[in-house]
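Down below is the structure, laid out as structure tokens.
Each reported figure results from applying straightforward, stated rules to the coordinates on display, with no laboratory input. These figures come from a predicted structure and were not determined experimentally. No Cβ is skipped: glycine too gets one built from the backbone with ideal geometry, and neighbour counts run over all protein chains shown.
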Amino acid sequence: MKLTELFKENKPRLSFEVFPPKTDARMENVMSAVEEIAALSPSFMSVTYGAGGDGASRYTVDIARRIEDGHRGAGPGPPDLRGFRPGHGGGAAQGFKGGGHRKHHGPAGDLPHDYLPGEYRHANELMADIRAAGDFCIGGACYPEVHPESPNQISDIATLKEKVDAGCDFLTTQMFFSNPMFYNFMYKLREAGITVPVVAGIMPVINAAQVKRTLELSGAFMPQSFLAMADRFRDKPEAMYAAGIAYATEQIVDLYANGVNNIHVYCMNKPDVARAIQDNLRGIIGED
């Protein structure tokens with residue numbers, strides 16, 4: 001079943017993202033964590049694709065194949081643009097298909113800092129090649145705030161429209177911590193004529209170090225309630241863990257209550273985090 005067909009069922013869904021290791025030494029630990037997360041039977045899982053030149057990329061297919069062989073619903077995640085050149089994206093997609101993967105989640109769309117002439121500059125270029133290569137279910141990334149390289153949200157949404165017009169079937173958001181900001185973003189998407197399903201990406205922040213790192217990586221807006229939580233519990237690891245799970249759970253419950261059915265949790269390869277979130281939502285998402 002393609003993810004777009006899953007989204008049409010109009011019921012609360014919970015999925016998880018995992019990522020490959022950067023070295024051989026970490027592969028066994030990562031695979032063990034991935035197996036534990038898959039055993040929770042989420043609606044689906046995504047496996048991020050390491051950037052070209054990064055050792056992580058070669059593990060993606062192995063992890064996706066392991067999940068799909070033993071658990072339903074797994075598929076490879078969004079490939080980075082680095083290392084792909086025009087005309088090659090379709091071949092990469094066929095490679096995933098040849099490996100038995102039924103779903104191809106499209107590119108995140110970020111231009112690599114070490115971009116080389118001849119590579120894809122934008123996600124819509126890669127998506128067009130993948131769309132021409134076969135019947136793939138293609139997803140793309142979006143930012144509820146503004147993409148770091150976009151001059152403003154109007155330009156950012158116009159770029160998203162290009163992705164959708166090029167064949168993007170659904171969008172998955174970057175992590176966000178303010179639901180009102182997400183709802184405002186959704187209104188603007190629909191106003192711009194972007195009607196594809198949007199999956200809300202949530203990251204439970206369970207330790208103080210994550211706060212700083214999250215700001216550095218995503219620049220995501222952090223509401224005062226979130227900052228107060230992080231400040232109050234930063235020196236109490238157990239309390240910070242519990243508070244981070246509770247904050248993410250509250251976000252997800254609010255999203256479900258407002259008709260946002262598809263939630264993708266960035267659980268950072270932590271089975272305990274995935275399990276805690278799922279347990280908190282058991283009465284809402286039920287059993288498939």
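Quick look at the values:
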{"quantity": "Charge context of ALA208, other residues only, Cβ under 11 angstrom, K/R +1, D/E -1", "calculated": "+3"}
{"quantity": "Three-way shape call for the stretch 146-267 based on the alpha-carbon gyration tensor, with the a/c threshold at 1.5", "calculated": "prolate"}
{"quantity": "Listed pairs LYS212/LYS270; LYS2/LYS188; LYS188/LYS270; LYS188/LYS212; LYS2/LYS22 exceeding 22 Å between Cα atoms", "calculated": "LYS2/LYS188; LYS188/LYS270; LYS188/LYS212; LYS2/LYS22"}
{"quantity": "Most to least packed among 178-188, 213-223, 198-208 [average Cβ atoms within 10 Å]", "calculated": "198-208, 178-188, 213-223"}
{"quantity": "The stretch 204-253 shape via C-alpha gyration tensor axes, a/c threshold 1.5", "calculated": "oblate"}
